[in-house]
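The values are calculated or read from the model by the stated rules, or taken from the named source; none is laboratory data. Computed from a predicted model, the values in this text were never measured in an experiment. Here Cβ is always computed from backbone atoms with ideal geometry, including for glycine, and neighbour counts include all displayed protein chains.
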Amino acid sequence: MKNKLYLGFCVGSLVGLIFLINLILFNKIKIHNCSCNNVISYNYFFVFLFLSIIFLVSLFYYLFSLKLTKKEDIIKSNFNLLYSILDNDEKKLFDLIQSKGGEIPQLEISKKFGKIKAHRLIEKLMSKKIVAKKRNGNNNTILINKNLLYSLNYKK
């Protein structure tokens with residue numbers, strides 16, 4: 001929706017610029033340098049400058065948002081691909097870790113899944129390089145891969 005709004009601003013300002021240039025080129029507006037009361041001053045220059053700035057800003061924003069939309073689509077398809085290689089319990093564990101900000105104590109996972117099942121799920125995700133294990137004294141912290149976590153946060 002935002003893309004269409006900025007595209008509308010871009011097209012509207014371009015139409016305004018073309019209209020203003022046509023008026024100037026066909027001598028409908030005469031710009032003089034004297035201080036007469038009946039002469040149109042340089043206000044049209046500022047209108048032209050203002051419309052040009054609106055046109056350029058909205059055009060660049062529209063083009064930039066198209067690139068972002070493409071990147072978001074790629075990330076979404078990669079995320080769907082990642083989800084397709086996980087089984088149901090791995091998906092639940094991955095969602096749990098993701099809901100905790102990408103970092104969760106292994107003890108909390110063990111409480112939810114059981115110690116042996118949690119260990120096996122973590123090992124499976126580690127073998128797929130989705131998560132990593134960080135030692136904290138007697139406890140472990142399970143972390144989502146940094147690149148994957150960046151992509152997940154970018155997607156939101």
(request) Kindly establish whether I144 is within 17 Å of F79 (Cα to Cα), among the aliphatic types (A, V, I, L, M) and either surrounded by 13 or more Cβ atoms within 10 Å (Cβ to Cβ) or out of contact with any strand residue (DSSP E or B) (no Cβ under 6 Å at 6 or more places or on another chain) (or both). (result) yes
(message) Which count do you get for residues in segment 90-106 that are in contact (Cβ under 8 Å) with a residue 24 or more places away in the chain and surrounded by 15 or more Cβ atoms within 10 Å (Cβ to Cβ)?
(response) 8
(request) Answer yes or no: is there a residue in segment 81-94 that is of a type outside the set (D, E, K, R), under 30 Å from K134 (Cα atoms), in contact with a strand residue (DSSP E or B) (Cβ under 9 Å, 6 or more places away or on another chain) and modelled with pLDDT of 80 or more. (result) yes
(request) With the checklist (1) modelled with pLDDT of 80 or more; (2) among the small types (G, A, S); (3) surrounded by 11 or more Cβ atoms within 10 Å (Cβ to Cβ) in hand, flag the one item G8 doesn't pass. (result) (1)
(message) So, I53, is that one outside the structural domain of I130 (by TED's automatic domain parsing), at pLDDT below 75 and under 33 Å from the mean Cα position of the chain (by Cα) or not?
(response) no
(message) Looking at I75, I104, can you tell me which residue is over 30 Å from L17 (Cα atoms), under 27 Å from the mean Cα position of the chain (by Cα) and either acidic (D, E) or modelled with pLDDT of 90 or more (or both)?
(response) I104
